[in-house]
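The values are calculated or read from the model by the stated rules, or taken from the named source; none is laboratory data. Worth saying up front: this structure is predicted, and the values here are computed from it rather than measured. Here the Cβ positions follow ideal geometry from the backbone for every residue, glycine too, while neighbour counts run over all protein chains shown. Areas reflect the complete protein model, heavy atoms only, side chains present, ligands, DNA and RNA absent. Shrake-Rupley method; radii C 1.70, N 1.55, O 1.52, S 1.80 Å.
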Amino acid sequence: MSRTYAELSGLMTVMTGDEKHGPSATSTLDVLWVLYDQVLRVSPDTIDDPGRDRFLLSKGHGPAAYYAVLAAKGFIPESWLADFGSAGSPLGYHPDRNLVPGVEISSGSLGHGLPLGVGLGHGLIARGLLLLYPALDRKQPRGAAALARAARGAAGSPGGGGGGGADAGSGA
């Protein structure tokens, strides 16, 4: 059963605990909903389709909104939300692609989404598929994200290497 945007806050309240990172998760809720409701061409029936759209959550330390959207869209059972973060629950404090249907990458630290996206992008482009990476965590001007931006530009990937083009950053 697919839920509506108005029902997301109820799904979010099912998950409890200090490790929920409520404000961090809530800050992504609108973007995640629009992506999964209107933009991405992926569903519970197509999660293994090589031609599906992919979403990489780099901001993995606040996954409650991500889990709520995945439950609302039928990727995971809503009953899983009540066990968020408990021992044995597939819904940990960081999303795990091996445990949660619909999760493309296991993430946690800000900035790892871009390097993973660059590698995934090269693989998809080699197979004739398109990649768009909306960079929402512009707080990483160095380290893994900076190296990935440089590699992306050096390899001629869409968007160049300076953080423009395919990056649709929030500036935050």
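Of note:
- Accessible area per residue was computed with a 1.4 Å probe on protein heavy atoms; PHE75 scores about 20 Å².
- FRET efficiency, 1/(1 + (r/R0)^6) with R0 35 Å, evaluated for ALA82 and VAL39 via beta carbons: 0.75
- Computed about the Cα centre, the dipole magnitude for the stretch 35-109 is approximately 200 debye when only Lys and Arg (+1) and Asp and Glu (-1) carry charge, each at its Cβ.
- Cβ-based charge dipole, the stretch 16-99, positive-most Cα from PRO77, VAL42, ALA64: VAL42
- Phi-derived couplings, Karplus 6.51 cos²θ - 1.76 cosθ + 1.60 at θ = phi - 60°, listed residue by residue for the stretch 76-90: 10, x, 4, 4, 5, 4, 5, 9, 3, x, 7, 4, x, 7, x Hz, with x used for Gly and Pro.
- Computed packing ranks the peptides 119-128, 93-102 as 93-102, 119-128, most packed first, by mean other Cβ atoms within 10 Å.
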